[in-house]
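> If you scroll down you'll find the structure; I have some questions about it.
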Amino acid sequence: MKGKKKKGFTVGNLGSVALAFVVVVIVIGVGATILSQLQATQTSGTVAYNTTGYGLTSLSTMGQWLPLLALVIIATLIIAVVVRSFGGGGGAGV
């Protein structure tokens, strides 16, 4: 069928994926900085103090997943290059 585009990851998409990853890292870092500074101005044991603490814990947990996410992105790139080098996918995507 003519007019149908193949969907999937291409090596050309790598720039967008890398930029999205950097944006996620920046958002997590800035969010953690803001919550940390906000918590420093609050009284220990209050609802606000505890809530900002939970937010910091959540951002820390998400931050711990970033190396795995980077590894998945790199593995996807390597697989795309290998498949493309062997002629798979016709160069239109993986």
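> Of everything in segment 47-82, what is more than 14 Å from the chain's Cα centre (by Cα), surrounded by 14 or more Cβ atoms within 10 Å (Cβ to Cβ) and farther than 25 Å from THR33 by Cβ? Give them in sequence order.
LEU77, ALA80
> Go through segment 4-19 and give me each residue that's modelled with pLDDT of 65 or more and loosely packed, with under 11 Cβ neighbours inside 10 Å.
GLY12, GLY15, SER16, LEU19
The values are calculated or read from the model by the stated rules, or taken from the named source; none is laboratory data. Just so it is clear, the structure is predicted and the values come from calculations on it, not from any experiment. Note that each Cβ is placed from the backbone with ideal geometry, even for glycine, and that neighbours are counted across all protein chains shown.
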